[in-house]
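These notes are about the structure you will find just below.
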Amino acid sequence: MASPIRILTAVPICDGHDSAINTINLEFIRHGIEVVYLGYHRSVGDIARAAIQEDVRAIGISSYNGGHIEFFADVVKQLRKQGADEIKVFGGGGGTITHADAKAMERQGVNKIFFAGTSLNEMADYVRENYGKPRKKRLRARTRDIELARKLTEIEDAYANGKRRRPNAQRPTPTAKKHQTSNLKHHTSRVIGFTGPGGAGKTTLIDELVLRFLSHKPKARIAILSHDPSVVGEGALLGDRAMMINSQHDRVFMRSMATRGQAGGLSPATEGCLRELIGAGFDYVIIETVGTGQEAMPFQENGIVDMTVLVMNPDYGARLQLQKIVMLDLADIVVVNKTDQARARPAILEIEQRLEQNRRAQQLVASVAKRHRDPGVDELFGLISGNGAAPAKRRQKK
Ligand code: B12
């Protein structure tokens, strides 16, 4: 089976018209395409950087607020400047982009503009026909990001076309496992795994932590492997970038990965991609799982992370539910996020008591990640980086 086509979609800066792109994203996904959605109000630089890191075949831009001739042309120029002209640019913008504008845009290197009235099927067919054929031999990568992005694609492709066996089908023997783990342990990157149920605020929390890494560690480079669910051979919405503001930065390398049928929160290619990021010398590597359930222990199998963080929503149901969440036994740090919600106080107390049963040195942090300069996020940053505010509450081994 071939890898799904990967494209990136976005809406330009100063434009809040995201309803069209949301519809088009869903249609592309329905046609088996993996869509990395960058969101709206995005700059040329952010779009080009994201497309390069995600190693997509093309960028689809939806533009309604005018300035499209210059904006689309700048994206093309930026890609060329960085040696990424194999990434194509296409898009639309209802009645806003005229036929004459579209001709001017195509002269400047834009592949195709779609007009009002085009069916969604027609646009998905265009993507399949024009961006779905196997890539020709690729020219030498001109930048570090391009080189790394291509390596990650090769790893994902090797699993998709069966050249590498999925981890579930080939459990490592104890010796192989020990060797694998020790290989990963001898490195200078700090690998932090984030997991927890969907909607707990993992992505926002990570983005706020990245802001702190960037400002407290002026030379540090950070990598993020962010996962969203998908079925083998099907499309996926890889939407974490749309929630990220601070992580669109030249010192951050982010890759969105679909799980491509693997249960448990990660992709078959995660470990291989992590090895590449470690080899590339990132100071911090953050892995974000998909929203997980009670049974999930995504980082347990191969010992791939140095520290695990479970992010929870205060609204988890009855107290009894806490007995069933495996990660509460395993996580190094448990974050109760969204503590501005009404149920936060009892939730913190209940989770604290639940962690006491474990008699391990686990940390409990309360945060409101969506709030700027949130002291809970500062505390978490201190715990995972050795910088910042001292933790208010430390649990000791009993
Ligand atoms: C819905 C809408 C809104 C909603 C947006 C909601 C949202 N979350 O997106 C709201 C009400 C918020 C809104 C606000 C505004 N809007 Co408005 N809006 C529209 C409207 C009615 C429909 C746009 C739409 O989503 N169409 C649905 C899509 C699927 O269809 P389509 O547009 O025909 O697109 C086709 C192709 O172009 C293609 N396509 C589109 N994008 C992409 C991307 C890719 C990758 C691909 C492959 C294809 C593709 O897909 C379709 C195929 O049939 C249009 C008018 C109209 N009838 O088109 C005005 C319109 C775009 N808005 C307009 C304006 C002026 C505004 C405001 C400035 C109004 C104001 N004074 O406040 C604000 C600005 C908002 C902002 N911050 O940017 C003007 C733009 C004028 C211009 N630039 O020339 C329009 C044209 C209305 C008008 N005639 O004046 N708007």
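The values are calculated or read from the model by the stated rules, or taken from the named source; none is laboratory data. What you see is a predicted model, and the numbers here were worked out from it, not measured in a lab. Because the Cβ atoms are built from the backbone with ideal geometry, glycine has one as well, and the counts that use them run over all protein chains shown.
Quick one: how many residues across region 1-38 are part of a strand (DSSP E or B) and more than 6 Å from the ligand (Cβ to nearest atom)?
Total satisfying the criteria: 9.
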Only residues that are more than 12 Å from the ligand (Cβ to nearest atom), farther than 21 Å from residue 40 by Cα and touching a helix residue (DSSP H, G or I) at 6+ places or on another chain (Cβ under 7 Å): list them for region 61-104, please. 82, 83, 84, 85, 104
Cβ contacts < 8 Å: first residue within 16 Å of residue 56 (Cα to Cα), restricted to region 19-32; second residue among the hydrophobic types (A, V, I, L, M, F, W, C) and within 11 Å of the ligand (Cβ to nearest atom), any location; separation 6+ or different chain. Result? 25/35; 28/7; 28/35; 28/123; 28/124; 28/127; 29/35
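Based on this model, can you work out whether residue 133 counts as of a type in the set (D, E, K, R), near the ligand (Cβ under 10 Å from one of its atoms) and either without any contact (Cβ under 8 Å) to a residue 60 or more places away in the chain or in contact with a Gly (Cβ under 7 Å, 6 or more places away or on another chain) (or both)? Break it down stepwise before answering.
Values: of a type in the set (D, E, K, R): yes; near the ligand (Cβ under 10 Å from one of its atoms): no; either without any contact (Cβ under 8 Å) to a residue 60 or more places away in the chain or in contact with a Gly (Cβ under 7 Å, 6 or more places away or on another chain) (or both): yes.
For residue 133, the condition - of a type in the set (D, E, K, R), near the ligand (Cβ under 10 Å from one of its atoms) and either without any contact (Cβ under 8 Å) to a residue 60 or more places away in the chain or in contact with a Gly (Cβ under 7 Å, 6 or more places away or on another chain) (or both) - is not met.
Give the residue, chosen from 290, 252, that is β-branched (Val, Ile, Thr) and touching an Asp or Glu at 6+ places or on another chain (Cβ under 7 Å).
Working: 252 fails: touching an Asp or Glu at 6+ places or on another chain (Cβ under 7 Å).
One residue alone meets the criteria, 290.
Could you identify the single residue in 153, 204, 195, 175 that is β-branched (Val, Ile, Thr), modelled with pLDDT under 95 and within 29 Å of residue 268 (Cβ to Cβ)?
Details: 153 fails: modelled with pLDDT under 95; 204 fails: modelled with pLDDT under 95; 195 fails: modelled with pLDDT under 95.
Matching residue, one of 153, 204, 195, 175: 175.
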Extreme residue, surrounded by the fewest Cβ atoms within 10 Å (Cβ to Cβ), among residues of region 53-70 that are part of a loop (DSSP other than H, G, I, E, B) and over 21 Å from the mean Cα position of the chain (by Cα): 67
Set 283, 250: member being surrounded by fewer than 24 Cβ atoms within 10 Å (Cβ to Cβ), within 21 Å of residue 38 (Cβ to Cβ) and either in contact (Cβ under 8 Å) with a residue 24 or more places away in the chain or aromatic (Phe, Trp, Tyr) (or both): 250
Determine if region 161-169 includes at least one residue that is modelled with pLDDT under 95 and of a type in the set (A, V, I, L, M). yes
Spot the failing condition for residue 277; the list is (1) in contact with a Lys or Arg (Cβ under 9 Å, 6 or more places away or on another chain); (2) aliphatic (A, V, I, L, M); (3) outside any helix (DSSP H, G or I), and only one is missed. (3)
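If you go through region 105-118, how many residues are within 7 Å of the ligand (Cβ to nearest atom) and free of Cβ contacts under 8 Å to residues at least 12 places away in the same chain? Break it down stepwise before answering.
From region 105-118, those within 7 Å of the ligand (Cβ to nearest atom) are 114-118; that's our starting set.
Imposing the further condition that a residue be free of Cβ contacts under 8 Å to residues at least 12 places away in the same chain reduces the set to 117.
Of the residues in that region, 1 qualify.
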Which ones in region 306-344 are more than 16 Å from residue 200 (Cα to Cα) and either buried (at least 19 other Cβ atoms within 10 Å of the Cβ) or in contact with a Ser or Thr (Cβ under 9 Å, 6 or more places away or on another chain) (or both)? 306, 330, 332
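Scan region 82-134 for residues that are in a helix (DSSP H, G or I) and under 15 Å from residue 5 (Cβ atoms) and report the count. Talk me through it step by step, then tell me what you get.
Of the residues in region 82-134, the ones in a helix (DSSP H, G or I) are 99-107, 120-131.
Filter again for under 15 Å from residue 5 (Cβ atoms), leaving 123-131.
Residues flagged as in a helix (DSSP H, G or I) and under 15 Å from residue 5 (Cβ atoms) within region 82-134 amount to 9.
Right, residue 73: part of a helix (DSSP H, G or I), touching a residue at least 40 places away in the same chain (Cβ under 8 Å) and either surrounded by fewer than 18 Cβ atoms within 10 Å (Cβ to Cβ) or more than 22 Å from the chain's Cα centre (by Cα) (or both) or not?
Numbers: part of a helix (DSSP H, G or I): yes; touching a residue at least 40 places away in the same chain (Cβ under 8 Å): no; either surrounded by fewer than 18 Cβ atoms within 10 Å (Cβ to Cβ) or more than 22 Å from the chain's Cα centre (by Cα) (or both): yes.
Taking the combined requirement at face value, the residue does not satisfy it.
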Out of curiosity, is residue 43 surrounded by fewer than 19 Cβ atoms within 10 Å (Cβ to Cβ), more than 10 Å from the ligand (Cβ to nearest atom) and among the small types (Gly, Ala, Ser)? yes
